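Participant: My questions all concern the structure below.
The values are calculated or read from the model by the stated rules, or taken from the named source; none is laboratory data. Bear in mind the structure is a predicted one, so any value in this text is a computation, not a measurement. Neighbour counts run over all protein chains shown; Cβ positions are idealised from the backbone, glycine included.
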Amino acid sequence: MYSLLQGGYSRLSSAGKDSYYLMKKMEEIDWECLLLGFVKRFTKLTRKKGVKAVAGNKCLVIDGSLLEKTGKRMEHIGKLWDHVSMRYVLGFRVLVLGYFDGNPARARLPVNFSLHREKGKNASKPYGLSIKEFKRQYRAERSAGSPAARRAAEMDADKISTAIRMIKGACRFLEIDYVLMDSWFTCEKMLEYARTTKVKLIGMMKMGTAKYSYKEKEYTAKELLALRAKDQKRARKLAAVYIEVPVSYKGHPVKLFLLNVHLPLKMAFY
């Protein structure tokens, strides 16, 4: 907010910075609904101006990242494992849902987001903090059922369930051809949701020990790679070599792509 006002936006209103900070703290404001409404209005206005979406390329992108913070007294703050720096970092886990309609003239739009923390298995260090540090954290009182209370409760919610909820909300007013995600979100629960909708799911899978049913037998991705090695195809446009295999995963029919731009193939996609 400080940077925003320093950038010249203070001339739009006579209100001081404290007024904006108080507005941000109002628990009655449904920021999630406000952001969804902005995206809905933006897409409607651009359609009127002739900025059309590209058929077959309208997608939602769900991704998670670490939002690093400082200050152990911040409400709901905790330590989380950072897979990039390979260390524990103080902050929040943030899930972000974006929308892209395939038109290169338009940027991806932020549709929704959620903040999360992780308690961990060590009871003597809840959320990666000492008992003393955890008790000294700021705790706000919120009216039950208010938008702010729902956001606070979401801190401990299951991330996959939260991602599905956000995708459902976006699909109510946006035209979606597919949802794009990485291996962290591609799981049985997400596949179950995808089968109940017309939206296609495209997600990365790890080359791990997961078993796929192919011709009434169970195989890992590496075993399928060895079995179908002679069926490699080349996509010159993408400079890639791939193997396409229709399989079943956890009872869900999916199409598996073993893909890499260089041999040997290493990565698996749905």
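Participant: Name every residue in the range 169-193 that is more than 17 Å from G56 (Cα to Cα), more than 13 Å from the chain's Cα centre (by Cα) and either without any contact (Cβ under 8 Å) to a residue 12 or more places away in the chain or assigned to a helix (DSSP H, G or I) (or both), in order of residue number.
Facilitator: Result: G169, R172, E188, K189, L191, E192, Y193.
Participant: Answer yes if at least one residue in the range 76-95 is hydrophobic (A, V, I, L, M, F, W, C), in a helix (DSSP H, G or I) and free of Cβ contacts under 8 Å to residues at least 60 places away in the same chain, and no otherwise. So that I can check it myself, show each step before the final result.
Facilitator: We begin by selecting, within the range 76-95, every residue hydrophobic (A, V, I, L, M, F, W, C); these are 77, 80-81, 84, 86, 89-90, 92, 94-95.
This time we only want the ones that are in a helix (DSSP H, G or I), so: none.
The answer is no, given that none of the residues of the range 76-95 is hydrophobic (A, V, I, L, M, F, W, C), in a helix (DSSP H, G or I) and free of Cβ contacts under 8 Å to residues at least 60 places away in the same chain.
Participant: Select from the range 2-58 the residues that are of a type in the set (A, V, I, L, M) and within 25 Å of the chain's Cα centre (by Cα) and write down the one among them that is farthest from Y178 (Cα to Cα).
Facilitator: Step one: list which residues in the range 2-58 are of a type in the set (A, V, I, L, M), which gives 4-5, 12, 15, 22-23, 26, 29, 34-36, 39, 45, 51, 53-55.
Imposing the further condition that a residue be within 25 Å of the chain's Cα centre (by Cα) reduces the set to 29, 34-36, 39, 53-55.
Working: I29: 31, L34: 24, L35: 21, L36: 19, V39: 18, A53: 14, V54: 13, A55: 11 Å.
Among residues in the range 2-58 that are of a type in the set (A, V, I, L, M) and within 25 Å of the chain's Cα centre (by Cα), the one farthest from Y178 (Cα to Cα) is I29.
Participant: Pull out all pairs, ordered by first then second residue, where Cβ-Cβ is under 8 Å, the residues are six or more apart or on different chains, the first lies in the range 229-243 and is in contact (Cβ under 8 Å) with a residue 12 or more places away in the chain, and the second is hydroxyl-bearing (S, T, Y).
Facilitator: Between residues of the range 229-243 that are in contact (Cβ under 8 Å) with a residue 12 or more places away in the chain and residues that are hydroxyl-bearing (S, T, Y), the close pairs are Q232/Y242.
Participant: Condition (residue is in contact with a Lys or Arg (Cβ under 9 Å, 6 or more places away or on another chain), part of a helix (DSSP H, G or I) and either within 30 Å of W184 (Cα to Cα) or modelled with pLDDT of 80 or more (or both)) applied to the range 15-29: is it met by at least one residue?
Facilitator: No, the range 15-29 has no match at all.
Participant: Output the residue which, of all residues in the range 56-75 that are part of a loop (DSSP other than H, G, I, E, B) and either without any contact (Cβ under 8 Å) to a residue 60 or more places away in the chain or not assigned by TED's automatic domain parsing to the domain that holds H116 (or both), is farthest from K198 (Cα to Cα).
Facilitator: Residues of the range 56-75 part of a loop (DSSP other than H, G, I, E, B): 56-58, 69-75.
Still in the list and also either without any contact (Cβ under 8 Å) to a residue 60 or more places away in the chain or not assigned by TED's automatic domain parsing to the domain that holds H116 (or both): 69-71.
Values: K69: 39, T70: 43, G71: 44 Å.
Result: G71.
Participant: For residues that are within 29 Å of the chain's Cα centre (by Cα) and not in a strand (DSSP E or B), scanning just the range 226-241, find the one that is surrounded by the fewest Cβ atoms within 10 Å (Cβ to Cβ). Steps first, please.
Facilitator: Just the residues of the range 226-241 that are within 29 Å of the chain's Cα centre (by Cα), to begin with: 235, 237-241.
Subsequent filtering for residues that are not in a strand (DSSP E or B) retains 237-239.
Details: K237: 6, L238: 10, A239: 9.
Among those that are within 29 Å of the chain's Cα centre (by Cα) and not in a strand (DSSP E or B), it is K237.
Participant: A further question on this structure: Among the residues of the range 32-52, count how many are of a type in the set (D, E, K, R) and either in contact with a strand residue (DSSP E or B) (Cβ under 7 Å, 6 or more places away or on another chain) or at pLDDT 85 or above (or both). Don't jump to the end; show me each part of the working.
Facilitator: Taking the range 32-52 as the starting set, the residues that turn out to be of a type in the set (D, E, K, R) are 32, 40-41, 44, 47-49, 52.
Among the residues that remain, those that are also either in contact with a strand residue (DSSP E or B) (Cβ under 7 Å, 6 or more places away or on another chain) or at pLDDT 85 or above (or both) are: 32, 40-41, 44.
Selection size over the range 32-52: 4.
Participant: Looking only at the range 70-90, decide whether some residue is basic (K, R) and in contact with a Leu (Cβ under 6 Å, 6 or more places away or on another chain). Talk me through it step by step, then tell me what you get.
Facilitator: As a first pass, look at the range 70-90 and keep what is basic (K, R): 72-73, 79, 87.
Among the residues that remain, those that are also in contact with a Leu (Cβ under 6 Å, 6 or more places away or on another chain) are: 79.
Yes, there is a match, as at least one residue in the range 70-90 is basic (K, R) and in contact with a Leu (Cβ under 6 Å, 6 or more places away or on another chain).
Participant: Among R142, R151, which is closer than 25 Å to W184 by Cα and either in contact with a helix residue (DSSP H, G or I) (Cβ under 7 Å, 6 or more places away or on another chain) or surrounded by 12 or more Cβ atoms within 10 Å (Cβ to Cβ) (or both)?
Facilitator: Exactly one residue qualifies, and that residue is R151.
Participant: Among the residues that make up the range 130-142, is at least one of them of a type in the set (F, W, Y), more than 22 Å from I29 (Cα to Cα), modelled with pLDDT of 95 or more and over 11 Å from the mean Cα position of the chain (by Cα)? Break it down into steps so the answer makes sense when it comes.
Facilitator: Taking the range 130-142 as the starting set, the residues that turn out to be of a type in the set (F, W, Y) are 134, 138.
Still in the list and also more than 22 Å from I29 (Cα to Cα): 134.
Those left that are additionally modelled with pLDDT of 95 or more: 134.
Going one step further and asking which of them are over 11 Å from the mean Cα position of the chain (by Cα), we end up with 134.
Yes.
Participant: Still on this structure, I have one more. Among the candidates L129, L109, single out the residue that is in the same structural domain as L35 (by TED's automatic domain parsing), within 30 Å of T46 (Cβ to Cβ) and either surrounded by fewer than 12 Cβ atoms within 10 Å (Cβ to Cβ) or among the aliphatic types (A, V, I, L, M) (or both). Break it down into steps so the answer makes sense when it comes.
Facilitator: Values: L129 fails: within 30 Å of T46 (Cβ to Cβ).
Answer to the selection: L109.
Participant: Starting from the range 15-27, take each residue that is free of Cβ contacts under 8 Å to residues at least 24 places away in the same chain and among the basic types (K, R) and list its partners that are surrounded by 11 or more Cβ atoms within 10 Å (Cβ to Cβ) and not in a helix (DSSP H, G or I), counting only C-beta distances under 9 angstrom and pairs at least six apart or across chains.
Facilitator: Filtered contacts from the range 15-27: K17/M1; K24/M1; K25/A140.
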